[in-house]
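Notes follow once the structure below has been shown.
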Amino acid sequence: QNIDVSLLVVGDVVLLTSGDVVPADCRVLEAVDLSTSEMVLTGEPHEITKTLIPDDTSAPFPSNMLYATTPVVSGTGRGLVTATGMQTEIGKIAESLNVDQEGLTQIQITLNAIATTITIIVVFLVTMVFLISTRLQINDPSDPCEEGDVECFVQKGILRALFCGMGAIPETLPPACMLILVVGVQQMRCVKASVRSIEAVDTIGTCSFICSDKTGTLTEGKMTAICFRPRLRFEGLNDTSFPKSFGLYPTRGYDPAGGAWDERLLTEQVKVALDAIPSEDYSKTLKTTNHGALLSLKEFGRGTLGAGAAGSREQQLLHTCFAAIYLNSYATTLALDPEAEGGYKVKGNMSEAALVVACEKVGVGEDSLHGRYPRLPELEVPFTSSRKMMATLHYLQQHGVFEHLSFSQQESVSEPPSYMAIVKGAPDVLLPRLKAVLKPPSE
């Protein structure tokens, strides 16, 4: 049953599946291809495969533990709650952030050292001036003391010493230091860097090297597909009628408003015009204006450009390729969320989020694809860091045909296949395994 996270106590058993967020620190009791993203804890974007027995017992975050606020990327499993609330690892981090870090900045330490040195010098100077003035009975011509009047000479010596001490104190030093920091803030602004406190400029100035984790610090841990380059074989080497590369634009995070365009026509002027179109009016505006774009599959509506439907060669190619991408990325979904940045959120694998958004941009995202090409989960090959690829197997209701792609035209195929495997992974792993490439159909 579903209960509120605040009601969880140590000893409860939680059930987890892809897309869930771990509600508390748990020990893994059962794992079926279970992996989570622990980027909030370690800063690493890689998925962590969970096991019943830890791979490394000395690791700070062993693989047999699940941690609160980390999303489940894939698989299913059960966990035994071991810590809740501020007792969790993320809670300990939050608690440590609340502690005020007291201390002096480098410029404060330097100013304190200078002040100490100046104080010692001034004290020595004042003492020497007083002793010399009193011992030698140096007289003031404007207000001389009578000879033998020791008290008068002592008073004059004290005044001379105090005047010398006041003149030796650098009253303009603090304003000068503040002016230097203000100039530093202006210089930081020129390079588009903002600081929360003026003392931070001094701290940055004392650094020789700055080491920072990129993902989640300098970046958001999100990816966007900006280009699609199909591997095609053309009849002629100089065939320029068919685009060699398609640009996916605009790129607005998880916002699927956009389309696929001939990258040769996607100039900066065109991009500016496309960026000016609001997301909610995107499809409607494209029908009444021309920005030099080659095509936008969204103009044909979702699911209407299926197998056998009319369409240009470019549209058929994009629809077929992105239909395969959509089927392979079944565990990741894109949904409306008014509270999320951009109005959309992704549930599932963050690495597949860019692919799912790209599918939406070319009009491929209907659930009917899963019905037309049923997936066989028992034969699925999950992704692992060592394998660097994953594969899903799908049944072809029309044997030998997947959308606009026909396998029966290959000479090596004796009879139309009834199943198709869709493989996704690293290029250095997949490219050596390729034995055939796509050939665009004739007009």
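The values are calculated or read from the model by the stated rules, or taken from the named source; none is laboratory data. As the structure is a computational prediction, the values presented were derived from the model and not from experiment. Here Cβ is always computed from backbone atoms with ideal geometry, including for glycine, and neighbour counts include all displayed protein chains. These area figures cover heavy atoms from the full protein model, side chains too; ligands, DNA and RNA do not enter into them. Shrake-Rupley method; radii C 1.70, N 1.55, O 1.52, S 1.80 Å.
Assorted remarks:
- Principal-axis tilt of helix 350-361 within the chain, Cα atoms, nearest 10 degrees: 60
- Accessible area of residue 30 (1.4 Å probe, protein heavy atoms only, ligands and nucleic acids ignored): about 80 Å².
- Selection of trypsin sites (Lys or Arg not before Pro), segment 359-430, meeting DSSP coil and at most 14 other Cβ within 10 Å: 387, 388
- The C-alpha atoms of segment 20-99 occupy a region whose extents along the principal axes are 39, 26, 24 Å, arranged from largest to smallest.
- A simple rule links phi to the HN-Hα coupling: the Karplus curve 6.51 cos²θ - 1.76 cosθ + 1.60 with θ = phi - 60°, which for segment 119-125 gives 4, 5, 5, 5, 4, 5, 5 Hz, with x for Gly and Pro.
- Taking amide H atoms as placed 1.01 Å from N in the peptide plane, the amide H of residue 401 lies under 5 Å from those of 407, each 5 or more residues away in sequence or on another chain.
- Treating each Cα of segment 325-429 as one equal point scatterer and applying the Debye formula with no solvent, the log10 of I(q)/I(0) at q = 0.10, 0.11, 0.12, 0.23 Å⁻¹ comes out as -0.35, -0.42, -0.49, -1.31.
- Placing pseudo-labels 7 Å out from each Cα toward the beta carbon at residue 222 and residue 10 gives an inter-label distance of 3.8 nm.
- 3J(HN,Hα) couplings calculated from phi for segment 429-437 with the Karplus curve 6.51 cos²θ - 1.76 cosθ + 1.60 (θ = phi - 60°) are, in sequence order, 8, 7, 4, x, 8, 6, 10, 8, 10 Hz; Gly and Pro show x.
- Among the cysteines of the chain, those whose beta-carbon sits 4.7 Å or more from every other cysteine beta-carbon are 26, 164, 177, 190, 207, 211, 227, 321, 359.
- Look at the alpha carbon pairs under 8 Å that are at least 6 residues apart: their mean separation over the length of the chain gives a relative contact order of 11 percent.
- Between the labelled values [x] 1.25; [y] 1.00; [z] 1.13, the entry that holds Rg/Rh (Cα atoms, Kirkwood Rh) as derived from this structure is [x].
- Taking the charge dipole of the chain about its Cα centre, with +1 at Lys and Arg Cβ atoms and -1 at Asp and Glu Cβ atoms, the residue from 395, 119, 107 reaching farthest to the positive side is 395.
- Shown in residue order for segment 169-176 are the 3J(HN,Hα) couplings computed by the Karplus curve 6.51 cos²θ - 1.76 cosθ + 1.60 at θ = phi - 60°: 7, x, 5, 8, 5, x, x, 5 Hz (x for Gly and Pro).
- Across segment 75-210, the convex hull enclosing all Cα atoms gives 217 Å³ per residue.
- For residue 249, the residues whose modelled amide H falls within less than 5 Å of its own, excluding neighbours fewer than 5 places apart on the same chain, are 259, 261.
- Rounded to the nearest 10 degrees, the angle from helix 313-328 to the longest Cα principal axis of the chain is 70 degrees.
- Nonlocal amide H pairs with residue 396, under 5 Å, H built at 1.01 Å: 419, 420
- From its DSSP helices (H runs of at least four residues, each -39,500 (n - 2.57)), the chain gives a residue-normalised ellipticity at 222 nm of -9500 deg cm²/dmol.
- Applying a DSSP loop filter and a limit of 14 other Cβ atoms within 10 Å to the GluC sites (Glu not before Pro) in segment 40-104 leaves 102.
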